[in-house]
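Peer 1: To start, I am sharing the structure in question, which I have written as structure tokens.
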């Protein structure tokens, strides 16, 4: 009698949705993309949080828009790997696609960081664990013509102002925290080296 009951319980586990598994993506969802197996500068260009458009399409650098609406995170990762391979861009990319979650893999998304100033798309950027200053600025479209290719960054964290130089790896790779406000300044707003 115990074996049929155990077999039935095991079968139920196989067909019932597990609360820890991510649901399929839908229009308007945010998707955190993490790519490996490619050169680091290209990882920095691609890794980040993207939104699925109202048309159900996901727009990532270097490849044509991809239909993401209705795909599971695992299937979307595989589809993105295939898209990069088929386009002849990368030979062996490994892509993880997941909803942005709090550190530790659970709970609601963290409050966004605000990116403003001399960027192409100022506004909130979804904060995911490990999001660097460079990744956040890239998610806001990168510095515009006034921010230039060596922008000075004003970071406000816990009410304290700090100026960062994106030419320095330690500043560029600074991990952002909930509530951070980042302003990309024009070259003449403040000289590098003043703190």
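Peer 1: Out of curiosity, is residue 176 at pLDDT 90 or above, within 18 Å of residue 33 (Cα to Cα) and not assigned by TED's automatic domain parsing to the domain that holds residue 75?
Peer 2: yes
Peer 1: While we're looking at this one, here's another question. Identify the residue in segment 137-162 that is surrounded by fewer than 17 Cβ atoms within 10 Å (Cβ to Cβ) and part of a strand (DSSP E or B) and, among all such residues, is modelled with the lowest pLDDT.
Peer 2: Here the answer is 157.
Peer 1: For segment 62-83, name all the residues that are surrounded by 14 or more Cβ atoms within 10 Å (Cβ to Cβ) and within 20 Å of residue 135 (Cα to Cα).
Peer 2: 63, 77, 80
Peer 1: Taking segment 116-136, which residues are in a loop (DSSP other than H, G, I, E, B) and surrounded by fewer than 19 Cβ atoms within 10 Å (Cβ to Cβ)?
Peer 2: The first filter runs over segment 116-136 and keeps only residues in a loop (DSSP other than H, G, I, E, B), leaving 118, 120-122, 128-131.
Of everything in segment 116-136, those that are in a loop (DSSP other than H, G, I, E, B) and surrounded by fewer than 19 Cβ atoms within 10 Å (Cβ to Cβ) turn out to be 120, 121, 122, 129, 130.
The values are calculated or read from the model by the stated rules, or taken from the named source; none is laboratory data. Everything numeric here is computed off the predicted structure, so don't read it as measured data. So basically every Cβ, Gly included, is an ideal-geometry build from the backbone, and we count neighbours across all protein chains shown.
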